[in-house]
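The values are calculated or read from the model by the stated rules, or taken from the named source; none is laboratory data. On a predicted model such as this, the values are computed, not experimentally measured, just so you know. Note: ideal-geometry Cβ built from the backbone for every residue, glycine included; neighbour counts use all protein chains shown.
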Ligand SMILES: Cc1cc2nc3c(=O)[nH]c(=O)nc-3n(C[C@H](O)[C@H](O)[C@H](O)COP(=O)(O)OP(=O)(O)OC[C@H]3O[C@@H](n4cnc5c(N)ncnc54)[C@H](O)[C@@H]3O)c2cc1C
């Protein structure tokens, strides 16, 4: 594999946040890269989203890559609080924490310009990748459908799948190639989400805030959000897990019902929906000649569907690891493995709580959750802790033990938090080479299957 001449060193499939940042890092390292997207160039970056993106992430991205955080017209607003509002009057968490809402299209266009400014990066827009090419047990290229409806084949040493939720390359990997990479994500591990961007006539009531709202008529596990993008502009919408009970529900109708209850006198600028993975990261995101990042690698937080930040940072890390592999002329699973370890040490730990909350909602109702919020069993400081020190054991455990009214529910919560802590521990013990994978994965699977 290593001695063959290829059209490109690396092909990056999809120019969303994960893909453009991967291409940027490859370009920075002088790696001969093809970036492909099915959208026309001017539409790249325009993705259905809640538009919330943590400042901590964009600062980390700048540190890693040199890419500046959103500024000017790319930045809608710096928000000052995160509010979780339940049904009962006391079921409110109001956390003074800064974040930002952005114009995804403008930010995405700048990232694309910066990535393609490198001489070694070329863009093919408006072309759909339809298949993967393999050579023995290595991924060795892609097949695209061009504007004239003709198929073209391109070869490379590494293909990075950053095609978002569709995971076009990952899903088409033949048997025997990249055996550790999961092909399908089951429905019950997907969030379906829909959003509107609206302009209100008067100043809206969610000023400078990211609000997560809960209602009786919301499919659970799910959430409704109202994210301020300015005094009279908001991104509003809902997302819920595609459990058996939720399949077939009409998300547009639910959205409209809640929207009309919350707002009057508004104009809709744009609407749309899409799906988001809601699970732990893929157990392995690499194989011989293959890597995946962003939604294609299941890197969105199952708690709230936030995947823009993980896409940016995983794209950067994938680009760095792929660049080193090209320089060393080794594109094997082994050479790319350190990327897996980074993903699990960061996102295995971060997503553990989300997976536990999903288990909790499989057993209990929204009303139980609302009760816990109202009784102060889940508090502001818990959210701050989850954000700042994800590895530490949660204080909820201690409080749950003191619960006197609903011992069964609180003991189950305790059990859930303990499973979550074990998932974090296992994530930190991700094996340093592929040899340790099977043993590690069977330990993880036991925790994934554990019931609360
Ligand atoms: C309604 C909604 C609200 C959300 N809100 C938030 C939020 O507030 N904050 C947050 O952090 N995240 C949010 N997310 C999630 C976030 O949008 C994604 O996690 C993020 O966009 C993932 O980035 P990505 O680069 O992996 O994929 P994408 O952004 O999906 O980019 C994939 C790219 O690949 C291209 N592509 C796909 N298939 C092919 C193909 N076959 N050939 C060529 N090109 C292809 C697409 O055109 C696209 O440009 C939300 C998602 C939804 C649906």
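Please go through the stretch 99-151 and give me each residue that is touching a residue at least 40 places away in the same chain (Cβ under 8 Å), assigned to a strand (DSSP E or B) and away from the ligand (no atom under 12 Å from the Cβ), ordered by number.
121, 122, 134, 135, 138, 139, 140, 141
Quick check on my filter: what residues within the stretch 1-24 are under 25 Å from the mean Cα position of the chain (by Cα) and either in the same structural domain as residue 198 (by TED's automatic domain parsing) or not in a helix (DSSP H, G or I) (or both)?
10, 11, 12, 13, 14, 15, 16 - these are the residues of the stretch 1-24 that are under 25 Å from the mean Cα position of the chain (by Cα) and either in the same structural domain as residue 198 (by TED's automatic domain parsing) or not in a helix (DSSP H, G or I) (or both).
May I ask you to verify whether residue 185 is at pLDDT 95 or above and within 21 Å of residue 48 (Cα to Cα)?
Numbers: at pLDDT 95 or above: no; within 21 Å of residue 48 (Cα to Cα): yes.
So residue 185 fails the test.
Go through the stretch 61-83 and report how many residues are assigned to a helix (DSSP H, G or I) and either touching a strand residue (DSSP E or B) at 6+ places or on another chain (Cβ under 7 Å) or under 25 Å from residue 211 (Cβ atoms) (or both). Step through it out loud before you land on a result.
Within the stretch 61-83, the first condition is being assigned to a helix (DSSP H, G or I), and the residues that meet it are 61-65, 72-74.
If we keep only those that are either touching a strand residue (DSSP E or B) at 6+ places or on another chain (Cβ under 7 Å) or under 25 Å from residue 211 (Cβ atoms) (or both) too, we end up with 73-74.
Adding up the residues that qualify gives 2.
Test residue 27 against the criterion of being in a helix (DSSP H, G or I) and touching a strand residue (DSSP E or B) at 6+ places or on another chain (Cβ under 7 Å), and give yes or no. Don't jump to the end; show me each part of the working.
Working: in a helix (DSSP H, G or I): yes; touching a strand residue (DSSP E or B) at 6+ places or on another chain (Cβ under 7 Å): yes.
Against the criterion (in a helix (DSSP H, G or I) and touching a strand residue (DSSP E or B) at 6+ places or on another chain (Cβ under 7 Å)), residue 27 qualifies.
Can you pull out every residue in the stretch 325-336 that is in contact (Cβ under 8 Å) with a residue 12 or more places away in the chain, in contact with a helix residue (DSSP H, G or I) (Cβ under 9 Å, 6 or more places away or on another chain), surrounded by fewer than 24 Cβ atoms within 10 Å (Cβ to Cβ) and in a helix (DSSP H, G or I)?
326, 333, 334
Give the residue, chosen from 264, 271, that is over 24 Å from the mean Cα position of the chain (by Cα) and either surrounded by fewer than 18 Cβ atoms within 10 Å (Cβ to Cβ) or within 12 Å of the ligand (Cβ to nearest atom) (or both).
Sole residue among the options that is over 24 Å from the mean Cα position of the chain (by Cα) and either surrounded by fewer than 18 Cβ atoms within 10 Å (Cβ to Cβ) or within 12 Å of the ligand (Cβ to nearest atom) (or both): 264.
Of all residues in the stretch 425-452 being farther than 15 Å from residue 279 by Cβ and at pLDDT below 95, which is surrounded by the fewest Cβ atoms within 10 Å (Cβ to Cβ)?
Among those residues, the one meeting the criterion is 451.
Being under 29 Å from residue 161 (Cα atoms) and buried (at least 20 other Cβ atoms within 10 Å of the Cβ) narrows it down to one of 282, 234, 242, so name that one.
282
Please state which one of 298, 278 is within 23 Å of residue 421 (Cβ to Cβ), out of contact with any helix residue (DSSP H, G or I) (no Cβ under 7 Å at 6 or more places or on another chain), within 16 Å of the ligand (Cβ to nearest atom) and modelled with pLDDT of 95 or more.
298
In the stretch 359-375, how many are touching a helix residue (DSSP H, G or I) at 6+ places or on another chain (Cβ under 8 Å) and either surrounded by fewer than 15 Cβ atoms within 10 Å (Cβ to Cβ) or modelled with pLDDT under 75 (or both)?
So the count comes out to 1.
Return the pair list, or none, for Cβ contacts closer than 7 Å from residues in the stretch 159-170 that are within 9 Å of the ligand (Cβ to nearest atom) to residues that are modelled with pLDDT under 95, at least 6 apart or on different chains.
Final answer for the pair search is none.
Restricting the stretch 183-213 to residues that are under 30 Å from residue 172 (Cα atoms) and part of a loop (DSSP other than H, G, I, E, B), which is nearest to the ligand (Cβ to nearest atom)?
185
Here is a list: 313, 353, 357. Which entry is within 16 Å of the ligand (Cβ to nearest atom) and closer than 30 Å to residue 104 by Cα?
Every option except 313 fails the conditions.
Among the residues of the stretch 215-253, write down those that are without any contact (Cβ under 8 Å) to a residue 60 or more places away in the chain, more than 20 Å from the chain's Cα centre (by Cα) and closer than 13 Å to residue 196 by Cα.
Once the filter is applied, which keeps residues that are without any contact (Cβ under 8 Å) to a residue 60 or more places away in the chain, more than 20 Å from the chain's Cα centre (by Cα) and closer than 13 Å to residue 196 by Cα, the stretch 215-253 yields 234, 251, 252, 253.
Mind checking which residues of the stretch 5-31 are more than 10 Å from the ligand (Cβ to nearest atom) and over 14 Å from residue 67 (Cα atoms)? Give the derivation first.
Let us first name the residues in the stretch 5-31 that are more than 10 Å from the ligand (Cβ to nearest atom), namely 5-11, 23-31.
The answer is 5, 6, 7, 8, 9, 10, 11, 29, 30, 31.
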